[in-house]
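Report on the structure given below.
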Amino acid sequence: MNLTNIGTVKEILSRHGFSFSKGLGQNFIINPDICPKIAENGNAAEGFGVIEIGTGIGVLTAELAKRAEKVVAVEIDTRLLPILEETLADFDNVKIINEDVMKCDLHRLIGEEFHGLRTAVCANLPYYITSPIIMMLLESRLPIESITVMVQKEAAQRLCARVGTRDSGAITVGVNYYGTVKKLFDVSRGSFMPAPNVDSAVIRIDLCSEHRLDEESERFFFKVVKAGFSQRRKTLANSLASVMGIPKERVYAALESIGMPQAARIEQLDMEQLIALSAELMKG
Ligand code: SAM
């Protein structure tokens with residue numbers, strides 16, 4: 001079944017009485033070049049189990065299933081299940097989990113479904129929840145090797161920014177702490193049905209299995225990072241005082257220890273400085 005043929009897609013959707021949910025970020029890929037490229041760049045290959053987040057009608061799921069050993073796809077919208085039964089009927093290596101990915105126990109899922117296969121994540125992410133999903137995947141220390149996802153162009157810019165620059169955010173620190181990130185290619189808004197108001201890009205995060213901090217220090221580090229970026233225009237001393245209740249004097253002393261002025265803002269600190277600042281503040 002050709003799931004990038006507009007006539008075919010419209011026929012399936014109307015036969016099932018399906019209408020797009022804007023709230024769930026439902027923009028389905030109809031450009032035939034995109035899904036094979038995501039699958040090929042995203043470790044969908046022999047020896048790999050792939051987790052997909054948000055199947056839509058299964059256009060990417062099918063390309064992943066053609067190449068990977070097994071695909072486990074998490075989709076929140078129950079209305080898509082009868083459609084997927086039809087569109088993915090040719091594949092016996094796909095399992096659909098009808099859940100909110102943010103509530104899903106992915107550790108258990110990987111253990112139960114992939115039986116020691118190497119694991120990757122591939123998705124055209126729902127845009128309303130892009131950063132929370134990526135942060136969740138990173139912070140839960142899942143045994144995954146790569147995350148290859150389509151995101152809005154602005155989100156791609158933030159993800160691929162350099163830590164310590166104006167374009168960076170908590171998510172930039174996240175991807176650079178847990179691995180390395182690169183933009184693979186741009187995707188125009190006309191590649192989707194319905195077309196969104198912005199263009200997109202596909203990025204790939206390669207994850208390191210070793211982490212620089214132990215779990216407790218890591219949790220504290222990301223509290224500091226998120227607090228700082230939640231009020232990025234304020235000075236770090238002000239944002240950490242208001243969000244985490246850390247006395248300003250302690251922040252000043254920590255900033256001084258990493259050679260930064262009292263008025264520094266979080267976006268001015270590079271990765272090494274952020275880690276050193278957090279370690280200093282954690283000492284109490
Ligand atoms: N992969 C399909 C494609 O490329 O055509 C669909 C991508 S569409 C941008 C995002 C999909 O994510 C939708 O099918 C939507 O229902 C699903 N979704 C939205 N929020 C979700 C959540 N919290 N958990 C799992 N799936 C979600």
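The values are calculated or read from the model by the stated rules, or taken from the named source; none is laboratory data. Predicted model only: the values in this text are computed from it and were never measured. Using ideal geometry, Cβ is built from the backbone for each residue, glycine included, and neighbour counts are taken over all protein chains shown. What goes into the accessible areas is simple: the full protein's heavy atoms, side chains included, and nothing from ligands, DNA or RNA. Shrake-Rupley method; radii C 1.70, N 1.55, O 1.52, S 1.80 Å.
Starting from residues that are polar (S, T, N, Q), without any contact (Cβ under 8 Å) to a residue 60 or more places away in the chain and crowded, with 18+ Cβ neighbours inside 10 Å, keep the ones in the range 132-180 and report whichever is farthest from Ser209 (Cα to Cα).
Among those residues, the one meeting the criterion is Gln152.
From the list Ile83, Ile34, Ile30, Ile76, which residue is over 21 Å from Leu117 (Cβ atoms) and near the ligand (Cβ under 7 Å from one of its atoms)? So that I can check it myself, show each step before the final result.
Numbers: Ile83 fails: near the ligand (Cβ under 7 Å from one of its atoms); Ile34 fails: near the ligand (Cβ under 7 Å from one of its atoms); Ile30 fails: near the ligand (Cβ under 7 Å from one of its atoms).
Sole residue among the options that is over 21 Å from Leu117 (Cβ atoms) and near the ligand (Cβ under 7 Å from one of its atoms): Ile76.
Quick test of your reading of the structure: Lys183 fulfils all but one of (1) within 15 Å of Gln273 (Cα to Cα); (2) open to solvent by 20 Å² or more (accessible area, probe 1.4 Å); (3) modelled with pLDDT of 95 or more. Name the failing condition by number.
(1)
Go through the range 186-220 residue by residue and tally those that are open to solvent by less than 30 Å² (accessible area, probe 1.4 Å) and assigned to a loop (DSSP other than H, G, I, E, B).
Total meeting the criteria: 1.
Report whether or not Leu106 is crowded, with 20+ Cβ neighbours inside 10 Å, without any contact (Cβ under 8 Å) to a residue 40 or more places away in the chain, within 15 Å of the ligand (Cβ to nearest atom) and more than 12 Å from Ala44 (Cα to Cα).
Answer is no for this residue.
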